[in-house]
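Below you'll find the structure, written out as structure tokens, and then a few comments.
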Amino acid sequence: GAVVSQHPSRVICKSGTSVKIECRSLDFQATTMFWYRQFPKKSLMLMATSNEGSKATYEQGVEKDKFLINHASLTLSTLTVTSAHPEDSSFYICSAGLRSSYEQYFGPGTRLTVT
Amino acid sequence: AQSVTQPDIHITVSEGASLELRCNYSYGATPYLFWYVQSPGQGLQLLLKYFSGDTLVQGIKGFEAEFKRSQSSFNLRKPSVHWSDAAEYFCAVGKGASGTYKYIFGTGTRLKVLA
């Protein structure tokens, strides 16, 4: 149980375009989803927290207009990187959790490369 | 501010040797503590967690960790390392109320296993 998927696993896009990453909880309803960014050989940096049906809460220093997060249902959250630039290239990981729990379940990650 | 410190960036051990990965946290209240493992290009897999109760926690793959409040530590141990244990290990502390909690990750320890 508690499986989280991400799609796509890898994506390459041109500079200036937008790319959407999906995060799905496959066997449970996730009231909260989290988006992390991981730079090469670095730790995970929390970007934002989203609760189903409400606006995401972004961490300090994360551009809301660049990283659009939607959590429209209890099983799906999306992260859209708008007007991507090479510096946005990174490994993006989502996680999902329950409002009543302190445990997060992580997706396999999405490798974004902006050329 | 809350923080998690993993003092060792890299650790190399021989296969069959014992392992201890250090984790220290700074958090005012009783923390929820986690250890995750990440293989290259993959997401995070939960090894074990501590919420309350017995301070010695058993996890998957033969790992255990001990919560020591007096030392603000949650060190991960394994009595005999296998070559497949080579990976990146992250300690994390969860903070906040359920539903609004966040994880703070340490910087990670990269484990190399010599045959």
(message) How charged is the neighbourhood of A:Val4? Take every other residue with its Cβ under 14 Å from the Cβ of A:Val4, and add Lys/Arg as +1 and Asp/Glu as -1.
(response) -2
(request) Return the average number of partner chain Cβ atoms within 10 angstrom of each residue Cβ along peptide B:102-110. (result) 4
(message) For peptide B:41-50, what's the mean number of Cβ atoms from other chains within 10 Å of each residue's Cβ?
(response) 5
(request) Report, as an integer, the average count of C-beta atoms from other chains found within 10 Å of each Cβ along B:34-40. (result) 2
(request) Quick one: dipole size for chain B, taken about the Cα centre, charges +1 on Lys/Arg Cβ and -1 on Asp/Glu Cβ, in debye to the nearest 20. (result) 260
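Rule-based calculations on the coordinates, nothing more; no lab input. What you are looking at is a predicted structure, and each value in this text was computed from that prediction instead of being measured. Neighbour counts are summed over all protein chains in view; Cβ atoms, including those assigned to glycine, are modelled from backbone coordinates with ideal geometry.
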